Amino acid sequence: MTFTLTKCYSPFVSKFDPCKPVLTKCYSTPPNLYIEFQPNNTEQFPTAKEALYAGTLWPCLYDPYYSKRGESSG
Amino acid sequence: MWYYEKKLQYPVKVSQCNPMLAKYLTEQYGGADGELSAALRYLNQRYTIPDKVVGLLNDIGTEEFAHLEMIATMIYKLTKDATPEQLVDAGLGAHFVNHDHALFYQNAAGSPWTATYIQAKGDPIADLYEDIAAEEKARATYQWIIDISDDPFINDSLKFLREREIVHSQRFHEAVELLKEERDRKKVF
C-alpha cells in the first residue's frame, strides 16, 4: 500500500481556548480515494466469512475504523 | 421488481437496552445522508443516467434498502422494551408522545425526512458527484456514531455499513471514469 488510511495535523491552539486543546487532529482517507479503476482480478479475501466481516470482497478496499472512545481493535 | 430475502445483509446484535443510541442511529434512518435518502436518490436517478451505469445505481440503491433494514432493526431492538421514563431520559419523550415505540423517518434531531435531501439534476456527472458526496457523508456519520456508541455489537454492524459506503464511493468514482472515457478514439500506447 502506497498510501495511509488516516491523515493527522496539528491545529492552531490559542491560550484562550476554553476546552482542553486537542494537539493532533486526524481524519479518514479511505482506499477508494487512491484507486481509480479497480484492476481486474484484484486479490480477494481467502474465505467468504472474512469478506463478510470486512464488508468487502477485496482487502485493497478494506479500511478498519476504530472508535475514538478508545477501543483498540475489532 | 424485487425479490425479498427474509434475512439481514449482515447480522445485527444489540448488547443492552439503549434508547439514546437509537436516537443517534435515527440519523442514518431518516436523515439527509441516511440510508432512506440514499436508496431513493439512486433508484430515482437511474432512469435518466447513461445506460452504462444504470445497473450500478440499481444495485447500490437496492443494497441501501438492505442497510435501511439493518438500521431499523437496531433502532427497534434498542428501544422495544424501554419504558416511557427511559425514553424521556434518552431525549425521546417527544418521539414517544407522537409515535409510541414506532420508528419514524426523521433525523436524530426529530426533523422529518424530506425529498429536498435528495437531488436528480439529470446531468450524469452532477448526479454521480452528488452520489459520491452522499457516500462520504454517510461514511463520516457512521464514524461519529461509532465514536459515540459503547455497544460493541452495534459497532461491529456499523463498521460493516461504513465499509459498504467506501465500496459504493469507489464504484461511483468508476462510473464517472466510464462516462469520461473518450469514445471512438483510438488508444495509442
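Taken together, the values in this text are just the output of simple stated rules run on the coordinates, not laboratory data. This structure is a prediction, so every number in the text was calculated from the model and none was measured. Positions of Cβ are backbone-derived with ideal geometry, glycine not excepted, and every protein chain shown enters the neighbour counts.
Inter-chain neighbour count for B:143-152: the average number of beta-carbon atoms from partner chains within 10 Å of each residue's beta-carbon is 3. Taking a ≥ b ≥ c as the square roots of the eigenvalues of the Cα gyration tensor of chain B, is the shape rounded (a/c under 1.5), prolate (a/b larger than b/c) or oblate? Judged from the Cα gyration tensor, chain B comes out prolate (a/c at least 1.5, a/b above b/c).
Based on the Cβ-Cβ distance from B:E85 to A:F16, what FRET efficiency comes out when R0 is 41 Å, to the nearest 0.05? Efficiency at R0 = 41 Å is approximately 0.50. Sites listed here are trypsin sites (Lys or Arg not before Pro) in segment B:19-112 whose DSSP assignment is loop and whose Cβ has at most 14 other Cβ atoms within 10 Å: B:K80.
Scanning residues 5 or more positions from B:Q106 or on other chains, those with amide H under 5 Å from its amide H are B:G30, B:W113, with H placed 1.01 Å from N in the peptide plane. Look at the stretch A:35-43: the mean tally of other chain Cβ atoms within 10 Å of its residues' Cβ atoms is 2. Reported to the nearest whole Å, the Cα centre-to-centre distance from segment B:63-85 to segment B:114-171 is 18.
Provide the FRET efficiency to the nearest 0.05 for the B:S111-A:R69 pair, computing r from the beta carbons and using R0 = 25 Å. All intermediate terms of the calculation are to be shown ahead of the outcome.
Working: r = 27 Å, r/R0 = 1.07.
Efficiency for this residue pair is about 0.40.
About the centre of its Cα atoms, the protein assembly as shown shows a dipole size close to 380 debye [charges on the beta carbon of Lys, Arg (+1) and Asp, Glu (-1) only; nearest 20 debye]. Packing, as the average of other Cβ atoms within 10 Å across residues, places the peptides B:115-128, B:160-173 in the order B:160-173, B:115-128, highest first. Membrane-span-like helices in chain B, defined here as complete DSSP H runs extending at least 20 Å along the helix axis by their C-alpha atoms with mean Kyte-Doolittle hydropathy no lower than 0.0, are B:51-79; this is a sequence and geometry rule, not a statement about a membrane. Bridging of A:K25 to lysines at a Cα separation below 22 Å is possible for A:K7, A:K15, A:K68, B:K137, B:K159, once same-chain residues fewer than 8 apart are set aside.
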